[in-house]
Amino acid sequence: MLNTILFVDDDPITLMLCKKVISKAAFSDQIITAQNGEEAINLFHNLLDDSEKTVPELIFLDLNMPIMGGWDFLEEFSKPTFKQFHNIKVIVLSSTIDPEDLEKIKEFPMVMDFLPKPISLSMLNKVAEALI
């Protein structure tokens with residue numbers, strides 16, 4: 001079980017469903033949410049300033065969001081500013097799996113997988129096995 005995960009998605013229904021699945025699977029003690037990439041980047045800026053805060057051990061990231069989407073988040077998060085967080089694994093979640101997206105994730109070493117929405121118990125089991 002992970003201590004803390006970050007779930008970045010703009011859809012409140014998706015967030016609610018994912019929280020339920022994660023809770024049912026006892027996958028994580030705490031779920032932090034951000035509604036877009038900008039909120040997630042701001043969260044990591046705050047973590048840079050406050051070492052007392054809990055750092056997520058895993059990020060579930062939607063690609064298509066307003067303000068700052070998943071690709072823009074990954075570009076920003078990959079910068080040296082956030083180097084101390086580059087060991088955090090990212091799982092990209094999307095309602096469509098575009099072959100070009102599958103190629104593009106290879107540009108980001110922190111991305112460990114690309115999974116379709118909605119997340120399921122079997123997917124979480126697969127993720128848990130990969131993290132061990």
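Given the residues THR54, THR81, which is the only one that is touching a residue at least 12 places away in the same chain (Cβ under 8 Å), part of a helix (DSSP H, G or I) and of a type in the set (S, T, N, Q)?
Numbers: THR54 fails: part of a helix (DSSP H, G or I).
On inspection, the qualifying residue turns out to be THR81.
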If you check PHE60, PHE73, which single one turns out to be touching a strand residue (DSSP E or B) at 6+ places or on another chain (Cβ under 7 Å), closer than 27 Å to ILE13 by Cβ and in a helix (DSSP H, G or I)? PHE73
Every residue in the stretch 65-74 that is within 27 Å of GLU129 (Cα to Cα) and either touching an Asp or Glu at 6+ places or on another chain (Cβ under 7 Å) or open to solvent by 70 Å² or more (accessible area, probe 1.4 Å) (or both), please. GLY70
Checking the structure you have, find out if any residue of the stretch 92-101 is within 11 Å of the chain's Cα centre (by Cα) and either open to solvent by less than 40 Å² (accessible area, probe 1.4 Å) or without any contact (Cβ under 8 Å) to a residue 24 or more places away in the chain (or both). yes
Across (1) assigned to a helix (DSSP H, G or I); (2) of a type in the set (S, T, N, Q); (3) within 11 Å of the chain's Cα centre (by Cα), THR33 clears everything bar (1)
Any residue at all in the stretch 47-54 that is of a type in the set (Lys, Arg) and open to solvent by less than 80 Å² (accessible area, probe 1.4 Å)? no
For the stretch 16-30, what are the residues that are open to solvent by 50 Å² or more (accessible area, probe 1.4 Å), under 14 Å from the mean Cα position of the chain (by Cα) and more than 25 Å from PHE82 (Cα to Cα)? LYS19
The listed residue being part of a loop (DSSP other than H, G, I, E, B) and either under 13 Å from the mean Cα position of the chain (by Cα) or within 15 Å of PHE7 (Cα to Cα) (or both), out of MET65, MET112: MET65
Give me the pairs: first residue in the stretch 111-132 and without any contact (Cβ under 8 Å) to a residue 24 or more places away in the chain, second residue basic (Lys, Arg) and surrounded by 12 or more Cβ atoms within 10 Å (Cβ to Cβ), beta-carbon distance under 6 Å, and six or more apart or on different chains, which are they? MET112/LYS89
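The values are calculated or read from the model by the stated rules, or taken from the named source; none is laboratory data. Every value quoted in this text rests on a predicted model; they were computed, and no experiment measured them. Positions of Cβ are backbone-derived with ideal geometry, glycine not excepted, and every protein chain shown enters the neighbour counts. Note: areas computed on protein heavy atoms with side chains; ligands, DNA, RNA excluded. Shrake-Rupley method; radii C 1.70, N 1.55, O 1.52, S 1.80 Å.
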